[in-house]
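Worksheet: the structure to be examined is printed underneath.
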Amino acid sequence: MKDLDHQHIVLGLCGSIACYKSAELCRLLVQAGATVQVVMTQAATQFITPMTMQALSQRPVLCSQWDVHTADPLAHIHLSREADVCLIAPCSANFIAKLAHGQADDLLSLLCLARPISAVPLLLAPAMNPDMWHHPATQRNLATVAADGATVLGVGCGDMACGQTGDGRMLEPAQLLDEVIACLQPKVLAGKRVLITAGPTFEAIDPVRGITNLSSGKMGFAIARAAREAGAMVTLVAGPVSLNTPHGVQRVDVLSACEMLQAVSTHIDHADVLIATAAVADWRPVTVASHKIKKDTAVPMQSLVLTENPDILATVAQSPRALRRELYCVGFAAESQDLLAQTQAKRERKGVPLMVGNIGPATFGQDNNTLLVVDDVGHREFSNAPKLSLARRLIAEIACRMGG
Ligand code: C5P
């Protein structure tokens with residue numbers, strides 16, 4: 001099952017040098033299982049040929065409302081009605097102005113105006129020069145189209161074709177693919193704030209060594225993405241991992257358990273949910289040597305003195321807001337045996353309503369996982385699946401419990 005199986009996307013292209021990225025975007029949408037109907041403005045055809053987009057979408061590309069050879073004489077009405085999502089990428093400043101005023105003098109603006117607003121999401125991926133982006137007229141028009149129900153995806157910052165550097169770059173094709181997938185997910189956490197810990201911690205011994213573990217952070221990052229897809233504002237407190245931040249997620253990097261506790265304390269007051277997936281080191285060295293400890297040192301590694309780290313989840317779970325259930329806490333238990341008993345015991349010990357068990361050696365670094373979801377009345381297994389699928393199921397489960 002692919003993320004966009006059975007989804008029909010209208011991909012609109014306006015005149016912008018970013019059109020070259022739309023070829024890759026089209027390919028990614030098709031690879032993800034979607035059927036893609038490309039519609040181009042005349043200006044877009046100056047930047048990339050309809051033939052290129054036709055080859056990648058495997059469908060005739062539509063460029064004009066006056067084309068008497070198209071199969072559908074009412075294409076301008078039907079195109080957006082048949083779509084699950086309309087995505088305009090790139091969306092030029094001129095096209096945003098047209099949308100803001102309800103103008104409909106070409107096929108693309110026509111189909112946007114004829115789109116059933118409540119049924120078909122319209123995503124706009126703006127692309128323009130920084131001065132055009134920051135111009136009050138553009139910002140005013142963006143506010144208008146957003147108020148009219150379009151989703152403005154924002155822009156990247158960086159080097160522009162014109163030589164300037166700044167805001168206005170179209171988001172990358174992979175980010176746009178994620179946005180399309182996200183907009184199709186149920187918004188079960190709309191307006192909620194979710195705080196997630198992920199990855200291992202690193203407890204320094206000296207400037208070149210430390211105590212850590214094999215957690216990759218993949219499960220926590222997948223949950224961050226799934227929570228954001230579900231409409232939440234997500235803060236991800238990440239230990240040392242080499243993973244890309246899911247688009248739209250605020251990331252706070254930390255190294256040690258104490259830093260992780262500090263970051264969680266800073267963000268917890270506004271959170272509705274804490275999902276603690278981090279594999280926090282249980283112990284840390286009492287003192288960190290300021291220089292590399294040599295083999296022949298007077299303080300050999302065998303006599304390393306450790307102290308227990310604070311338990312972030314248990315601490316938060318005892319806070320007044322968590323006890324009043326204004327803050328819903330979810331923990332993860334990475335075990336190697338007796339998964340159900342260990343997860344149940346850990347749920348009680350940490351004082352959280354929901355504990356998710358998984359087998360540590362089977363999950364660390366893997367793309368798939370199996371979860372055991374344990375609460376006060378029983379348990380449920382989520383069978384082996386990609387971590388993102390499991391994350392979406394878990395988010396639905398959490399949302400259901402919060403609603404209840
Ligand atoms: O005790 P254990 O490490 O097995 O507990 C696992 C759960 O507790 C995870 O949710 C983990 O993120 C959280 N935890 C924590 N702070 C610690 C240890 C664990 O938040 N110091």
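The values are calculated or read from the model by the stated rules, or taken from the named source; none is laboratory data. All of these numbers come straight from a predicted model, not from anything done at the bench. Here the Cβ is made from the backbone with ideal geometry for all residues, glycine too, and neighbour counts use every protein chain on show. Accessible surface areas use protein heavy atoms only, side chains included; no ligands, DNA or RNA. Shrake-Rupley method; radii C 1.70, N 1.55, O 1.52, S 1.80 Å.
So how much slack lies between residue 1 and residue 64, counting 0.36 nm per residue of separation and subtracting their Cα-Cα distance, in nm?
Values: separation 63, 0.36 × 63 = 22.68 nm, distance 3.48 nm.
Using 0.36 nm per residue and subtracting the Cα-Cα distance, I get 19.2 nm.
Where does each of 20, 328 land when they are ordered by accessible area, with a 1.4 Å probe and the largest first?
Working: 20 140, 328 20 Å².
In descending accessible area the options line up as 20, 328.
Taking region 275-297 and a reference point 7 angstrom along Cα→Cβ of residue 362, the backbone N atoms nearer than 20 Å belong to 277-279. Straightening the chain between residue 214 and residue 117 buys 30.2 nm, computed as 0.36 nm per residue apart minus the Cα-Cα spacing. Cβ-Cβ distance of residue 288 and residue 244, R₀ of 41 Å, FRET efficiency by 1/(1 + (r/R0)^6): the value works out to about 0.85.
In this structure the amide hydrogen of residue 251, modeled in the peptide plane, comes within under 5 Å of the amide hydrogens of 236, none closer than 5 places in sequence on its chain. Straight-line cross-link reach from residue 350 at under 12 Å between alpha-carbon atoms covers these aspartates and glutamates, not counting any fewer than eight positions away in the same chain: 311. With a cut-off of 18 Å, note down the residues of region 20-46 whose backbone N falls inside the zone around a label point 7 Å from the Cα of residue 161 toward its beta carbon. Taking a point 7 Å out along Cα→Cβ of residue 161, the residues of region 20-46 whose backbone N falls under 18 Å are 20-26, 39-46. With the whole protein complex present, residue 394 retains an accessible surface near 0 Å², based on a 1.4 Å probe. Here residue 346 is the anchor, and the lysines within straight C-alpha reach of less than 28 Å, apart from those fewer than 8 places off in the same chain, are 192, 218, 387. When the chain is treated as a GNM with alpha-carbon contacts under 10 Å, the residue of 205, 88, 223 showing the greatest mean-square fluctuation is 205.
Can you sort 95, 332, 364, 47 by 1.4 Å-probe accessible area, starting with the largest? Write out the running numbers ahead of the final one.
Details: 95 5, 332 35, 364 65, 47 105 Å².
Of 95, 332, 364, 47, the descending order of accessible area is 47, 364, 332, 95.
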